[in-house]
Amino acid sequence: MDYIRLGQSGLKVSRIALGTMTYGDPAWRDWVLPEEQSRPFIARALELGITFFDTADMYSLGASEEVLGRALRDYARRDQVVIATKVFNRMGSGPNDAGLSRGHIMDAVQASLKRLGTDHIDLYQIHRFDPETPILETMTALHDLVRMGAVRYIGASSMLAYQFARMQHVADLHGLTRFVSMQNHYNLVYREEEREMLPLCREEGVGVIPWSPLARGFLAGNRQAGEARTTRAHSDRFAQALYHTEDDYAVQQRVAEVAARLDVTPAQVATAWLLHQPGVTAPIVGASKLPHLEDAVAALKVRLTPEDLRALEEPYRPHPVLGI
Ligand SMILES: NC(=O)c1ccc[n+]([C@@H]2O[C@H](COP(=O)([O-])OP(=O)(O)OC[C@H]3O[C@@H](n4cnc5c(N)ncnc54)[C@H](OP(=O)(O)O)[C@@H]3O)[C@@H](O)[C@H]2O)c1
């Protein structure tokens, strides 16, 4: 495993992060694994040198944080792992149970700490931009969490680049903590982030930790010619809405061709492509079968030539903004 600084911060993370949206409570989504089936993934990830784990309060409505927290307490030392979680999405029916108000951030962080069973979160991320809260209110609340020690670093997730730039600007103007990372939607079938967000992150020294690096399994071929081949491909409605055009299938086909030529799996090629993009710190991979973890780590060794990169990128056509 390789370890790398998260942007310009001093925090070192593994170059592969494990996303834990797949672990928690199958009542939330059909493709989610229950706790006893989830724990071996966290144990195996640690064995492979993965130290960077991403979750969110909303995944399985809190159960993902609980499953991750219990497994890490059993299998790892707290100071050897980096726990990232998120706030923003609705966690209750009240008017203040969602968003980035000072009140919800303060309540949500306490709930996440409790579910994770830890006294600090290494990377606390805002899951989306909140147009209904003043940026200064959000940035001040996040800064206070850092000062309190509840949170060590802050990060952001999918939003428009101008919104992210404004948030960083407000932090700078008021001497508040800046975001060290951007968790965005970036993979071979969604590359719109190359226009604005990625150059912004590179120039500002913000680490980039893309979500759904395999397009929720699409780039690994879990849906082919419209036919679903796995539980997730059958039941992941969001994936079906995001990735379905002829152009998307052309990219999927090209990934399979390059993988066959290099004698590796399509998943390795798609992950390796991301690892070759300037400014990308660590893709956040999902794994529903244990060998997926080996593949993710094997991607670190796949070297793509400029010709390979051109071949993989050539069938892509611009998309509308997706996943924000
Ligand atoms: N910030 C956000 O808004 C946001 C949004 C989405 C996700 N995330 C984060 O990103 C993490 C990863 O998301 P994701 O699960 O969508 O990522 P992904 O890596 O794009 O997709 C994971 C899926 O790909 C398939 N797969 C993985 N490795 C494979 C391999 N070696 N061979 C064949 N198939 C393979 C599996 O599909 P099958 O199960 O069909 O086999 C698996 O469920 C989440 O856990 C979460 O932490 C964040």
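The values are calculated or read from the model by the stated rules, or taken from the named source; none is laboratory data. All values derive from a computational prediction rather than experimental measurement. In this analysis, Cβ positions are derived from the backbone assuming ideal geometry, glycine residues included, and neighbour counts consider all displayed protein chains.
Scanning region 257-290 for residues that are more than 17 Å from the chain's Cα centre (by Cα), among the hydrophobic types (A, V, I, L, M, F, W, C) and either more than 12 Å from the ligand (Cβ to nearest atom) or surrounded by fewer than 17 Cβ atoms within 10 Å (Cβ to Cβ) (or both) yields Val258, Ala260, Leu262, Leu290. Can you tell me which residues in region 198-233 are surrounded by fewer than 23 Cβ atoms within 10 Å (Cβ to Cβ), touching a residue at least 12 places away in the same chain (Cβ under 8 Å) and aliphatic (A, V, I, L, M)? Scanning region 198-233 gives Leu200, Ala225, Ala233.
Does Asp295 satisfy the criteria of being charged (D, E, K, R) and touching a Ser or Thr at 6+ places or on another chain (Cβ under 8 Å)? So Asp295 fits the description; yes. On the given criteria, is Thr140 in contact with a strand residue (DSSP E or B) (Cβ under 8 Å, 6 or more places away or on another chain) and of a type in the set (S, T, N, Q)? No. The set of residues in region 41-74 being surrounded by fewer than 16 Cβ atoms within 10 Å (Cβ to Cβ) and over 20 Å from the mean Cα position of the chain (by Cα) consists of Glu47, Arg73, Asp74.
Scan region 27-40 for residues that are surrounded by fewer than 19 Cβ atoms within 10 Å (Cβ to Cβ) and either under 24 Å from Arg237 (Cα atoms) or under 18 Å from the mean Cα position of the chain (by Cα) (or both) and the total you get is 7. Name, by its number, the condition in (1) under 15 Å from Glu307 (Cα atoms); (2) within 14 Å of the ligand (Cβ to nearest atom) that does not hold for Gln252. Just one mismatch for Gln252, condition (1). Val87 meets all of the listed conditions (1) over 16 Å from the mean Cα position of the chain (by Cα); (2) touching a residue at least 24 places away in the same chain (Cβ under 8 Å) but one, namely (1). Among the residues of region 199-229, those identified as outside any loop (DSSP other than H, G, I, E, B) and within 6 Å of the ligand (Cβ to nearest atom) are Trp211, Ala220. Could you tell me whether Thr245 is among the polar types (S, T, N, Q) and more than 21 Å from the chain's Cα centre (by Cα)? Yes. The requirement of being more than 15 Å from the ligand (Cβ to nearest atom) and crowded, with 23+ Cβ neighbours inside 10 Å is fulfilled somewhere in region 6-13, by at least one residue. Which residue out of Asp236, Asp247 is out of contact with any helix residue (DSSP H, G or I) (no Cβ under 8 Å at 6 or more places or on another chain), near the ligand (Cβ under 10 Å from one of its atoms) and acidic (Asp, Glu)? Exactly one of Asp236, Asp247 is out of contact with any helix residue (DSSP H, G or I) (no Cβ under 8 Å at 6 or more places or on another chain), near the ligand (Cβ under 10 Å from one of its atoms) and acidic (Asp, Glu), namely Asp236. Output yes when any residue across region 17-26 is modelled with pLDDT of 95 or more and more than 15 Å from the ligand (Cβ to nearest atom), and no when none is. Checked against the condition, which is being modelled with pLDDT of 95 or more and more than 15 Å from the ligand (Cβ to nearest atom), region 17-26 yields no hits at all. Looking at Ala45 and the list (1) under 15 Å from Val285 (Cα atoms); (2) within 11 Å of the ligand (Cβ to nearest atom); (3) not aromatic (Phe, Trp, Tyr), which single condition is not satisfied? Single failed check for Ala45: (2).
Among the conditions (1) surrounded by fewer than 22 Cβ atoms within 10 Å (Cβ to Cβ); (2) within 16 Å of the ligand (Cβ to nearest atom); (3) over 25 Å from Trp31 (Cα atoms), Thr305 misses just one, which is (2).
Residues checked against (1) farther than 16 Å from Thr85 by Cα; (2) aliphatic (A, V, I, L, M); (3) free of Cβ contacts under 8 Å to residues at least 24 places away in the same chain:
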site: Tyr3; (1), (2), (3): yes, no, no
site: Leu6; (1), (2), (3): no, yes, no
site: Leu11; (1), (2), (3): no, yes, no
site: Ala17; (1), (2), (3): no, yes, no
site: Leu46; (1), (2), (3): yes, yes, no
